[in-house]
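Working notes, beginning with the structure itself.
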Amino acid sequence: MCDMTRREFMAGSTAVLGMISTGGIRQTAPAQAGKVDKVSTDIFFHQDEEGCNTGWVILEDYVLVIDANFPTGAKQALPQIRALTDRPIRFAFDTHHHGDHVYGNQVFVENGAVPVAHTGVIEELRKYETGYYGGQPGRWEQAAKQRPDLKTTRLKPPSVLFPTELIFDDGKHRVELVHLGVAHTHGDALAWLPKERILFSGDTCVNGPYNFVGDGNVEQWVKTLDAARKLGAQIVCPGHGPRGDGDLLGDQQAFFQALRNQVGKMVSAKKTAAEIQRALDQISAELSADARIARFVAKTELPAQAEKVLMEMTGTRFPAAQRPGDEARVRHAHQHGLYHSSRIELEV
Ligand SMILES: [Zn+2]
């Protein structure tokens, strides 16, 4: 995907709609970024460009929010929800521990909600949000240096936790919060609405060049996407990028499979880490040539993604002196509120 296409893609749905007509990619992108998108009766999606996407379901007696975003994003979502219903916002479900998904929790807590998450989110928060848990400054403190909205708020970890699933069912709508395995992080969960066949996927599935792999495991991610595909979603509301149809999960999975195939081929051919690093342009070109997965490819992010895959396969990293992945990782981490040192450590 060329730079211009990617910029347009990230700016809104115009380029995506263009891709539908020119590339034959089956995507539904009826909503414009920044506008509230009614996905179905009582089910809403808001595509955000700055933080993460947010969803909400209006149940009989209360509202369930899906992903809290940063505080600025949460404050943007509140009046959008209020314009639709005066039912209380009771729960804010965090799909995973990243700042662009949980840092807005306090805004919802102040408005009467309880943050809810898979137990793995707390384990991840303990690992990375060391400042909150009484240790060295962690990701929140680092992100607060860049984000004024974090200077006036504080981290509110989820206090209602579920080990594998938690179900909300008012007889009309059913929302199943499910942990399907390790993917983008070690604590991902998704919100599945079986009646409407709508899946809010968090960052387990995105729609565009947004895959940050530093906290997850790409090999397991592919398997977790298998489990997600088995749900049979017809509409997928991703953590970043416009919403898509059920094929979006397969496209996301195909991107990681192709990336693993590319790196795996070179590992099998006994190429060194340095040789694989030098082949990144070639890998990028191969991935971008596949219309189904081209929109997930970002030349700036590929080094970190390829290095992560290499680490999972062989335990080796790219040569430190010329590791282009670091810059991409730090920039991406800034966007996700993850930045916590001069370099983000990769964990397999
Ligand atoms: Zn994330």
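The values are calculated or read from the model by the stated rules, or taken from the named source; none is laboratory data. Note that this is a predicted model, so its numbers are computed, not measured. Methodologically, a virtual Cβ is constructed for each residue, glycine included, from the backbone with ideal geometry; neighbour enumeration extends over all protein chains shown. For the accessible areas, the whole protein counts, side chains as well, though only heavy atoms, and no ligand, DNA or RNA atoms are used. Shrake-Rupley method; radii C 1.70, N 1.55, O 1.52, S 1.80 Å.
Details
- Modelled this way, with points 7 Å down the Cα-to-C-beta line, the labels at V160 and K270 are 5.8 nm from one another.
- Alpha carbon Rg of region 198-250, scaled by the compact-globule rule 2.2 N^0.38 Å: 1.04
- Considering only region 61-176, percent of DSSP beta bridges that pair antiparallel, nearest 5: 25 percent
- Once you reduce region 195-232 and region 110-173 to the center of their Cα atoms, the two points are 20 Å from each other.
- On the principal axes of its alpha carbon atoms, region 205-311 extends 42, 23, 22 Å, with the longest extent given first.
- Here the extension length gained between Q257 and E50 equals 71.7 nm, from 0.36 nm per residue of separation less the Cα-Cα distance.
- Accessible carbon and sulfur surface of region 158-249 relative to its total accessible area, %, 1.4 Å: 48 percent
- Check: region 113-244 dipole with +1 on Lys, Arg Cβ and -1 on Asp, Glu Cβ, in debye: 300 debye
- Rounded to 5, percent antiparallel among DSSP beta bridges of region 105-238: 60 percent
- Region 141-222 - Kirkwood radius from inverse mean 1/r over Cα pairs (Å): 15.1 Å
- Judged by the mean number of other Cβ atoms found within 10 Å, the most tightly packed of the peptides 74-80, 139-145 leads the ranking 139-145, 74-80.
- With both labels modelled 7 Å from their Cα along Cα-to-Cβ, the T152 to E286 distance reads 5.0 nm.
- Cα-based shape type of region 56-189, given that a ≥ b ≥ c are square roots of the gyration tensor eigenvalues and the cut on a/c is 1.5: oblate
- Other residues lying with their Cβ under 12 Å from the Cβ of Y62 contribute a combined charge of -3, Lys and Arg counting +1, Asp and Glu -1.
- Note on V114/K145: beta-carbon distance plugged into 1/(1 + (r/R0)^6) with R0 of 35 Å gives a FRET efficiency of 0.75.
- Listed residue pairs exceeding 32 Å between alpha carbons, taken from K172/K230; K38/K145; K145/K308; K145/K270; K270/K299: K38/K145; K145/K270
- Which of D215, D281 is most accessible, then next, and so on - probe 1.4 Å: D281, D215
- In terms of packing, defined here as the mean over residues of other Cβ atoms within 10 angstrom, the peptides 36-49, 249-262, 296-309 line up highest first as 296-309, 249-262, 36-49.
- The overall shape of region 27-104 is oblate: from the C-alpha gyration tensor, with semi-axes ordered a ≥ b ≥ c, the ratio a/c is 1.5 or greater and a/b is no larger than b/c.
- Annotation: Y133 carries an accessible surface of approximately 70 Å², with a 1.4 Å probe and no ligand, DNA or RNA atoms counted.
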